[in-house]
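Read the structure below first, then the notes.
The values are calculated or read from the model by the stated rules, or taken from the named source; none is laboratory data. Note that the structure is predicted; figures quoted are calculated from it, not measured. Counting neighbours? That spans all protein chains shown, and the Cβs are built from the backbone with ideal geometry, glycine included. In case anyone asks, the SASA skips ligands and DNA or RNA and just uses the protein heavy atoms, side chains included. Shrake-Rupley method; radii C 1.70, N 1.55, O 1.52, S 1.80 Å.
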Amino acid sequence: MITRVELLDILRNGENSGVEFKRDDIQNHELAKELVAFSNLDGGMVLLGVEDDGSVSGITRDNLEEWVMNACRDKIRLGIIPNYAVIRDVEPDKDVAIVGVPRGVDVQSRWHNNRHTYFIRVGTTSREPSPEELSRLFQQRGTFRAELRPVSGARIADLDRRRLKNYFANVRQQDVPVDDDEAEWQTLLFNTELMVEDGVTLAGILLFGKNPNRFLGQAGIDAAAFTGEDKDYSALERCQIRGPMTPLIDVRGELVETGLVEQAINFVRRNTGVTTEIEDGARRVETPKYPPEVIREAVVNAVIHRDYLLANTDIELGVYNDRVEIVSPGRLPNGITTVRMRTGCRTARNQLIKDVMRDYGYLEHMGMGVPRKIVRGMIEFNGTDPELIENDERFVVRLFAK
């Protein structure tokens, strides 16, 4: 795993989010707690035979390796097989055991006193997560979908029946119940996961809610246009974009009411304007500062893939003199990186929302929107390469003016 020299360096630097020091006379459930926390973050190692201050006390327990393996089997669910190694003579006649675990594919818990307990690693501390942190952890591991959670207080009457009929009848082209047949409507919404027994799901409210922000403070887009290259109190325009994600479309395919995406595109259009050129000596040609299809794709990606467990945190849309920024709350889902996004790697945090928005034609079936529409679209339009940035709890798409 590591050499003696590397271990000495780790001991000098002290504990961190991936390293924990422990005496080897700890209880098995204490070791399980630390390994569970590491597994639920990005992996890490427990150094047995080391004091809290980094001094080496050495291994004293007989059959330590067997004890470690039994602890991982008996005290951890779904069970962990750790990496195990012993570094001899770290100090004269004092050995240190290294017990390492990678990032878990599943969410792990400690099983102790007939009770499951979850732990996460925060800096140098292993602690129990809050309910929100635990939900996000399950979501990141793909074992929980926040979009299918019932929204407290939301009922079928809080959904826009016009949009629902539009979606099922016109977009999906299927039969729909008559307006006053509540039982049939509930059956249809249950079967499509827009409702569960406890009420309307988060996806249902976001996609078809009459007033999503009544229930979800994170359901909109905060838009602002600035005169310069930085945020300023004296913005040209500030706008809270609210409402359901989906538009209302008539039987001819004409837009009757906008959804979030159209409102965002309109905001960018009116705050960036167009350039006008005269071609062939007479013909006036107007070109937008940013291609609408690129703005559309960036906004669609934000509303579909953002982390809706981050409450009261809107998507941010910023228009500056030299760029447009779309800031999506939450880290990228399911192991996706910005590099993998540029190659067209496909994954979805909110699969139902993605499927419905795809039904409306908002995104490509092949999942190539970022490399084809955003990156290639901007390069072909004005020769600039968009920036895709992940930092802290945000994902930023930055589009540049020429």
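Values as computed for the structure displayed
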read-out: Region 1-86: GluC sites (Glu not before Pro) in DSSP coil with no more than 15 other Cβ atoms inside 10 Å; value: 51
read-out: Filter on 165/354; 231/354; 231/373 - keep pairs with C-alpha separation over 29 Å; value: 231/354
read-out: Net dipole in debye of the chain [+1 Lys, Arg Cβ; -1 Asp, Glu Cβ; about Cα centre; nearest 20]; value: 720
read-out: Rounded FRET efficiency, nearest 0.05, which uses the C-beta distance separating residue 287 from residue 51 and R0 of 60 Å; value: 0.30
read-out: Whole-percent carbon and sulfur share, accessible surface of the chain, 1.4 Å; value: 45
read-out: Options (1) 24.4; (2) 21.6; (3) 25.6 - which one matches Kirkwood radius over Cα pairs in Å as calculated here; value: (1)
read-out: √(5λ) per eigenvalue of the Cα gyration tensor, region 291-402, largest first, Å; value: 20, 17, 13
read-out: Proximal lysines to residue 33, defined as alpha-carbon separation beneath 21 angstrom and excluding residues fewer than eight positions away on the same chain; value: 22, 75
read-out: Cut-off 9 Å between beta-carbons: net charge of the residues surrounding residue 400, Lys and Arg +1, Asp and Glu -1; value: 0
read-out: Mean ellipticity per residue at 222 nm, deg cm²/dmol - from DSSP H runs of n ≥ 4 across the chain, formula -39500 (n - 2.57); value: -8000 deg cm²/dmol
read-out: Segment residue 389-residue 372, extension gain: residue separation times 0.36 nm, minus the distance between their alpha carbons; value: 4.3 nm
read-out: Overall dimensions of region 14-57 by Cα: Rg and Dmax, Å; value: 10.0, 28
read-out: Shape of region 352-391, Cα gyration tensor, a/c cut at 1.5; value: oblate
read-out: Length gained when the stretch residue 232-residue 133 is fully extended (0.36 nm per residue, less Cα-Cα span); value: 32.3 nm
read-out: Pairwise FRET efficiency - residue 89 versus residue 351, Cβ, R0 = 56 Å, nearest 0.05; value: 0.55
read-out: Measure of compaction for region 1-153 (Cα Rg per 2.2 N^0.38 Å); value: 1.11
